[in-house]
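Notes to accompany the following structure.
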Amino acid sequence: TYFVGAQEHFDTRKAMQDKLGDKFKLKAYHDQMLSYGAPPVRFARQLMLDQPIE
């Protein structure tokens with residue numbers, strides 16, 4: 001499960017890089033991810049990408 005969680009984080013970071021392009025800042029990404037506490041990565045991803053939480 002550690003690998004799955006890490007892969008979800010890598011995928012989320014890539015999605016944010018694609019969304020923001022040159023405006024992507026790694027520190028800002030980490031700060032935003034950590035601001036949600038410890039939900040499952042898929043929920044944090046949906047919040048970060050302005051997607052409905054399913």
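All of the numbers you see were taken from the coordinates with simple rules; none came from a lab. Bear in mind the structure is a predicted one, so any value in this text is a computation, not a measurement. All Cβ positions, even for glycine, are placed from backbone atoms using ideal geometry, and neighbour counts span all protein chains on display.
Spot the failing condition for residue 12; the list is (1) without any contact (Cβ under 8 Å) to a residue 24 or more places away in the chain; (2) surrounded by 11 or more Cβ atoms within 10 Å (Cβ to Cβ), and only one is missed.
Just one mismatch for residue 12, condition (1).
State all residues of segment 42-54 that are farther than 16 Å from residue 19 by Cβ and outside any loop (DSSP other than H, G, I, E, B); if no residue qualifies, say none.
Result: 42, 43.
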